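Novice: Dumping the structure here so I can ask a few things about it.
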Amino acid sequence: MKKRAFLLSSLYYPNVGGVENSIKEFSLVLKDKGYEVTVITSNRNNVNNEVLADLDCLGDVKVIRCQYPYNAFGFFVFIRNVCKKISELRVGDSDFILSRSHWGVISVRLSGVKKINYLAPSVYFLQEKLDKDYMLSSKMLRYLINSIGQFFAFLFSDVFVFSQDMKKQVQTSCLGGCNPVVINPGVSSDRFHCVDEIDKRLLRDRLKLDGAVKYLLCVGRLSEIKQFDIAIKSLKSLEEKYHLLIVGSGPELEYYKSLLDSEGVSERVVIRPFTKDVDLYYKTSDIYLMTSRYESFGQVLLEATCCGLPVIAFSKSSGVRTSVSYIYEGFNFLLKECDKQSPSSLARTINGFEFDRKALNEEASEFSEKYNWSAAIDTIILDRDL
């Protein structure tokens, strides 16, 4: 009889992001290890208006979607529905359970299952900028609900994180109530790898991108926390050869579109929606920009580097809270840091940026060997069995 594994997440495909990608990669690894894999997620679709099926099958992995209303208290409905599925599927009798959602952890524990692995995607308590406008907005209620929910998830699960900084954040937010285990994430070498100049030109033709410019790439949800507006505003101070390519969807889309006109850079910016083929955009770009003010890890950095892109990111001294320095520790040619979170500082860094292609490719090859999804799963399984 096959071993059974359950993966829980608040979002899954067609939604695209670091969490969704990790769930997909974990499912592939577990299948290779002989598990029958089921993903339990929500019916939320942040990509298009398509109504998602309650039961689906993606790549031989069963996907079960539970209703999760778009309101502040929708999590009650989601937890109730997930608990029903956990009971129906006898999840407590399975061989491996991993959640990337704090609501998934709480649902499992409320269902009477005592052992649950939680790979935390971020720390809600620390990721928001709590200024006066935010605290007086409706977002504040969601922030409090998620922070409290995640606090209990940390206390009642075996917690795993992707960096030492993330470990410190978790311990701070749960008042030292848990001791997370740090594991390295992975990246699919089948998808994320370097291409030569000929293939790069062919990809630009395929994606209808200009073959004569240098593309600065940003990938991620179009939200305030990503600060893609800084990249847009920096273009006015950049050489004309630089164009900006943004791949993502989200609530800031209309703001970014209006910014293109007000900044006078609409001819130099391409915005494309999320796609499962995001690797094509890495392979056709020239430099990756990490402009986020908060990232628990930054899967996009692994993907960009494995595709041979040099990375420009804000330094820790600029005030951001990311794991950039941790990710690139020991590597000298993959990263250039910018010391201020401003368009002018970013532009100066880009304009003055030079890199050694041979040295970068050699380090990128070494870098890609460090990050492996199978090793991450093995660490979680080993920790569970201790």
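Novice: Using DSSP to define loop residues, name the GluC sites (Glu not before Pro) in segment 233-286 whose beta-carbon has at most 12 other beta-carbon atoms within 10 Å.
Specialist: Answer by residue number: 239, 240.
Novice: Then there's this: Taking all pairs of different Cα atoms in segment 197-370, averaging 1/r and flipping that mean, what Kirkwood radius in angstroms comes out?
Specialist: Final number for the Kirkwood radius of segment 197-370 is 16.2 Å.
Novice: To make sure I understand, if each residue's beta carbon is the centre and we count other beta carbons within 10 Å, what order do 102, 243, 193 fall in, fewest to most?
Specialist: In increasing order of surrounding Cβ atoms, one gets 193, 243, 102.
Novice: Tell me, in nm to one decimal, what length is gained between residue 139 and residue 205 on full extension, where the rule is 0.36 nm per residue of separation less the Cα-Cα distance?
Specialist: Length difference between fully extended and current span is 19.6 nm.
Novice: Hey, another quick one. How big, in percent, is the set of alpha carbon pairs in segment 60-169 lying more than 23 Å apart?
Specialist: For segment 60-169, the share of Cα pairs beyond 23 Å comes to 34 percent.
Novice: Looking only at segment 1-17, which residues have a backbone nitrogen under 14 Å from a spot 7 Å from the Cα of residue 50 in the C-beta direction?
Specialist: The answer is 12-16, whose backbone nitrogens lie closer than 14 Å to the label point.
Novice: With axes computed from alpha carbons, what is the tilt in degrees of helix 357-370 against the longest principal axis of the chain, rounded to the nearest 10 within 0 to 90?
Specialist: 0
Novice: While we're looking at this one, here's another question. In a GNM of the chain with a 10 Å cut-off on Cα contacts, which of 58, 216, 110 has the highest mean-square fluctuation?
Specialist: 58
Novice: How far, in degrees from 0 to 90, does helix 139-155 lean away from the longest principal axis of the Cα atoms of the chain, to the nearest 10?
Specialist: 60
Novice: Any idea what angle helix 197-206 forms with the longest principal axis of the chain, computed on alpha-carbon atoms, 0 to 90 degrees, nearest 10?
Specialist: Computed tilt is about 70 degrees.
Novice: Give or take rounding to whole Å, what are the principal axis extents of the alpha carbon atoms in segment 16-118, in descending order?
Specialist: For segment 16-118, the Cα spread along each principal axis is 38, 31, 23 Å.
Novice: Still on this model: Could you pull out the chymotrypsin sites (Phe, Trp or Tyr not before Pro) across segment 239-301 that fall in loop regions by DSSP (anything but H, G, I, E, B) with no more than 14 other Cβ atoms inside 10 Å?
Specialist: Qualifying residues, ordered by number: none.
Novice: How many nm separate the modelled label positions at residue 224 and residue 58, each set 7 Å beyond the Cα in the direction of the Cβ?
Specialist: 2.9
Novice: In whole angstrom, note down how far apart the Cα centers of segment 70-109 and segment 150-219 are.
Specialist: 25
Novice: Can you give the Rg and Dmax of segment 234-276 based on its C-alpha atoms, in angstrom?
Specialist: 10.9, 32
Values in this text are rule-based calculations from the coordinates and carry no lab data. Worth saying up front: this structure is predicted, and the values here are computed from it rather than measured. Note that we place each Cβ from the backbone using ideal geometry, even for glycine, and neighbour counts take in every protein chain shown.
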